[in-house]
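Here's the structure we're looking at; comments come further down.
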Protein chains: 2
Amino acid sequence: MTRALAGNLLQVPVPELADRFDEWQKFGFDAARCPVRNVLDHIGDKWTALILISLAKEGRRFSAVQRLIPDISKKMLTQTLRDLERDGLITRHVFPTKPPSVEYRLSPLGRSVLDPLAQLVFWAESRHGEIEDARRRFDASSPA
Amino acid sequence: MTRALAGNLLQVPVPELADRFDEWQKFGFDAARCPVRNVLDHIGDKWTALILISLAKEGRRFSAVQRLIPDISKKMLTQTLRDLERDGLITRHVFPTKPPSVEYRLSPLGRSVLDPLAQLVFWAESRHGEIEDARRRFDASSPA
DNA sequence: CTGAATCCTCGTAGATACTG
DNA sequence: CAGTATCTACGAGGATTCAG
């Protein structure tokens with residue numbers, strides 16, 4: 001599977017990102033037309049990425065996800081799952097067992113975001129040390 | 001050009017992302033050890049990504065960035081720039097002109113995040129339509 | 001021009017309790 | 001088990017004003 005996707009991976013050169021930015025400018029920088037604001041804000045919120053990752057391997061039930069992300073409240077879990085479902089990134093499957101059980105799964109669209117998301121996560125992981133160092137330096141040279 | 005970078009791009013198979021997630025679990029899911037929470041939350045906030053992109057082509061002055069992102073307040077611009085500087089993603093250069101001018105530039109570390117960021121932005125752009133459709137379907141079938 | 005300082009508001013998210 | 005309902009608190013972020 002890692003092979004299968006290798007060929008698919010869209011090449012996105014950085015200069016093009018800057019050019020895109022220039023283009024958004026021409027439309028008055030309408031928030032609705034700007035994917036950075038419209039989507040990245042959303043998947044960048046406090047719980048979304050974590051939930052997507054927790055569903056990467058297999059579908060999971062509500063309580064299973066909650067166990068995987070211990071400090072999320074039921075309220076935020078419910079809400080974030082619903083937003084994700086609304087955006088078509090996950091699907092919701094209800095099984096009419098005695099105590100009802102509900103399983104959430106990534107949709108194909110949801111699975112497709114794991115690649116770019118992984119890029120960012122692994123960037124964060126590999127640069128984490130550098131960032132911490134920079135913070136320490138900054139805090140040291142900046143008067144409280 | 002989509003070809004040129006193909007060789008450079010780190011392949012990050014999705015299964016590995018899920019495995020990483022499993023590992024974080026073992027450490028009690030400490031927020032400090034979790035790059036998703038520690039870093040992605042930060043670059044995923046309201047203005048950070050936009051500012052990074054606006055500096056992608058060249059260093060820019062405070063007021064220039066503000067023009068590029070019309071609806072950011074001076075307060076948030078100052079604050080986000082300072083956080084970015086603290087994290088070592090941008091550098092700050094003061095020129096002692098008559099009215100002082102300050103230019104912000106991406107550091108090598110800052111430039112390095114543009115690649116994964118671009119992946120996500122272009123994902124957002126290419127899937128934007130799908131997401132909007134999903135939203136409409138969801139809202140239509142869901143009783144207000 | 002590039003901020004710093006203050007005040008104020010609004011939304012997000014946590015806590016708690018309840019339900020099918 | 002998988003939510004819903006309500007209340008509250010906190011903090012991000014906007015507006016405004018001042019300063020080097």
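For residues that are open to solvent by less than 20 Å² (accessible area, probe 1.4 Å) and among the β-branched types (Val, Ile, Thr), tally how many sit in segment B:97-112.
Of the residues in segment B:97-112, 0 are open to solvent by less than 20 Å² (accessible area, probe 1.4 Å) and among the β-branched types (Val, Ile, Thr).
From the list A:Phe95, A:Phe62, which one is among the hydrophobic types (A, V, I, L, M, F, W, C), out of contact with any helix residue (DSSP H, G or I) (no Cβ under 9 Å at 6 or more places or on another chain), over 21 Å from B:Ile43 (Cα atoms) and more than 10 Å from chain B (Cβ to nearest Cβ)?
Criteria check complete, one pass: A:Phe95.
Restricting attention to segment A:66-104, and to residues there that are within 11 Å of DNA strand C (Cβ to nearest atom) and assigned to a helix (DSSP H, G or I), which single residue is farthest from A:Leu55 (Cα to Cα)?
Among those residues, the one meeting the criterion is A:Lys75.
(1) at pLDDT 95 or above; (2) among the hydrophobic types (A, V, I, L, M, F, W, C); (3) buried (at least 18 other Cβ atoms within 10 Å of the Cβ): which one isn't true of B:Val94, the others all being true?
(3)
Just one of (1) of a type in the set (A, V, I, L, M, F, W, C); (2) buried (at least 21 other Cβ atoms within 10 Å of the Cβ); (3) away from DNA strand C (no atom under 16 Å from the Cβ) trips up B:Ile131, so point out which.
For B:Ile131, the failing item is (2).
Here is a list: B:Gln66, B:Gln25. Which entry is modelled with pLDDT under 90, among the polar types (S, T, N, Q) and open to solvent by 30 Å² or more (accessible area, probe 1.4 Å)?
B:Gln25
Those residues that are more than 20 Å from B:Val65 (Cβ to Cβ), polar (S, T, N, Q) and assigned to a loop (DSSP other than H, G, I, E, B), I need them from segment B:105-144; list them, please.
Selection gives B:Ser142 alone.
Return only the number of the condition from (1) more than 7 Å from chain B (Cβ to nearest Cβ); (2) more than 14 Å from the chain's Cα centre (by Cα); (3) open to solvent by less than 80 Å² (accessible area, probe 1.4 Å) that A:Phe138 does not satisfy.
For A:Phe138, the failing item is (1).
When segment A:1-14 is examined, which residues are found to be at the interface with chain B (Cβ under 8 Å from one of its Cβ atoms), at pLDDT below 80 and part of a helix (DSSP H, G or I)?
A:Thr2, A:Leu5, A:Ala6
For segment B:33-45, which residues satisfy the criterion of being within 8 Å of chain A (Cβ to nearest Cβ) and open to solvent by 50 Å² or more (accessible area, probe 1.4 Å)?
Selection gives B:Asp41, B:Asp45.
Within segment B:46-58, can you find the residues that are within 12 Å of DNA strand D (Cβ to nearest atom), open to solvent by 10 Å² or more (accessible area, probe 1.4 Å) and either more than 7 Å from every other protein chain (Cβ to nearest Cβ) or among the aromatic types (Phe, Trp, Tyr) (or both)?
B:Trp47
Go through segment B:59-94 and report how many residues are without any contact (Cβ under 8 Å) to a residue 24 or more places away in the chain and either within 14 Å of DNA strand D (Cβ to nearest atom) or not hydroxyl-bearing (Ser, Thr, Tyr) (or both).
Here the count works out to 19.
The values are calculated or read from the model by the stated rules, or taken from the named source; none is laboratory data. Note that this is a predicted model, so its numbers are computed, not measured. When we count neighbours, we look across all protein chains shown, and the Cβ atoms used for this are built from the backbone with ideal geometry, even at glycine. When the accessible area is computed, the model is the full protein with side chains, heavy atoms only, and any ligands, DNA or RNA have been set aside. Shrake-Rupley method; radii C 1.70, N 1.55, O 1.52, S 1.80 Å.
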